[in-house]
1. Would you mind computing, in nm to one decimal, how far apart the modelled labels at residue A:47 and residue A:200 are, each placed 7 Å from Cα along Cα→Cβ?
2. Neighbouring Cβ atoms within 10 Å as the yardstick, rank B:34, B:152 fewest first.
3. If you place +1 on the Cβ of every Lys and Arg and -1 on the Cβ of every Asp and Glu, how big does the dipole about the Cα centre of the protein assembly as shown come out, in debye to the nearest 20?
4. Report the relative contact order of chain B, percent, no decimals, based on alpha-carbon pairs under 8 angstrom and at least 6 residues apart.
5. Nearest 20 debye, what's the magnitude of the dipole of segment B:2-76 about its Cα centre given +1 on Lys and Arg Cβ and -1 on Asp and Glu Cβ?
6. 7 Å along Cα→Cβ for the label point: how many nanometres lie between residue A:143 and each equivalent label in the other copies, listed shortest first?
7. Out of the DSSP beta bridges found with both residues in chain B, what percent are antiparallel (nearest 5)?
8. Using a label point 7 angstrom from Cα along Cα-to-C-beta, what distances in nm, from shortest up, separate residue A:128 from the other copies?
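Readers should treat all values here as calculations from the given coordinates under stated rules, not as data from a laboratory. Computed from a predicted model, the values in this text were never measured in an experiment. Virtual Cβ from ideal backbone geometry, glycine too; neighbours counted across all protein chains shown.
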There are 2 protein chains.
Amino acid sequence: MLTLHDNTESGNAYKVRLLLALLKLDFETIQYDVVGGATRTKKYLSEINKNGRIPVLQFEDGRCLAESNAIIYYMAQNTKYFPTDAWQQAKLMEWMFFEQYSHEPFVAVAKYILTMLPADTPRRTEIPTLHEKGYAALQIMEDHLAENSYLVGDHLSVADIALYAYSHKAHMGEFDMSRFPAIDRWFKRIESEDNYLEMYNDN
Amino acid sequence: MLTLHDNTESGNAYKVRLLLALLKLDFETIQYDVVGGATRTKKYLSEINKNGRIPVLQFEDGRCLAESNAIIYYMAQNTKYFPTDAWQQAKLMEWMFFEQYSHEPFVAVAKYILTMLPADTPRRTEIPTLHEKGYAALQIMEDHLAENSYLVGDHLSVADIALYAYSHKAHMGEFDMSRFPAIDRWFKRIESEDNYLEMYNDN
């Protein structure tokens, strides 16, 4: 059985849960109080991930793989969620690195500050900058999705899964998603997939 | 001929120059004044990269690929710099996403603030945090390289190229690299490769 070292609030961990569900693979999860330091214990750092983060996917033989996009890359090999065409593979990588560098640090962090930290946290001063940069990333997605049904090729891939995770909860970080109708249609397209698994219901 | 949309100070762009040199592929470069906004012009955003960044590798037919690690992933396919073993491919991805999320935002930004901005920039207040997080990333590399000659498998791959780029200029961001003897030996191993291309000489 696969074990996912997990946290329900993490969009990065959700990427893995979603792909495993789509692939109909059984897995168990171990939940960590990330804010409370549960992924920084000596045991976690030595046995699970030296970088002290979730998600980590652990295989039955004990091997561990960290970095959400590396995990979904690996688990998607030889499935329909990873393209066979070399140029599509390159563009998939472009979107996945875009996600970790130009999207997640703004879209995810706004959600974190506004939903996980106390209302009087001084980190609220970061919100205008996070919104500026997060909106720029979302606009790049919107422009692409206005002309394409998926980020790469003509069907769902791990590039979509990587970007969907935090984008579909961006409203929790007070992004006004009504600006992005093409992203909304893409959300619905993903959510209609067989075996789709929701992150959680925050309505 | 390949065209690299480039900036000599960018370790991200250097990853591409280094791999293309190792592969003995000819390329021309177009230099951009990134700090001055040359990658944010309407023309650049519409024709080269909507995300307004270098590096971008442009192919003879006009296709453009952004994101340094996506570029070197693509160009390394079917060469000795990308492993054939699926698990090694997964670990390579883990290192490349680690680089963009846990290493570059600290190691590269410290260099940028200390070498590219005026000496009285208020951004110098970021340096202690950048050093704390950058040292943590470098220590993870050091621990791995104390027991392994390369980041993945037993020879040079694009994982090494991705991490080498900013690590070997970390001293310019005032990281004390004498703490990391295994990283130093790994630098020398990479620098002894046939067709190695230096970023520039800052001594």
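1. Reported label-point gap for residue A:47 and residue A:200 is 2.5 nm.
2. Details: B:34 19, B:152 25.
If I rank by nearby Cβ atoms, fewest first, I get B:34, B:152.
3. Dipole about the Cα centre, nearest 20: 380 debye.
4. Reported relative contact order: 24 percent.
5. Here the size comes out at about 240 debye.
6. 4.1
7. In chain B, approximately 55 percent of DSSP beta bridges are antiparallel ones.
8. Once sorted, the set of distances for residue A:128 reads 2.5 nm.
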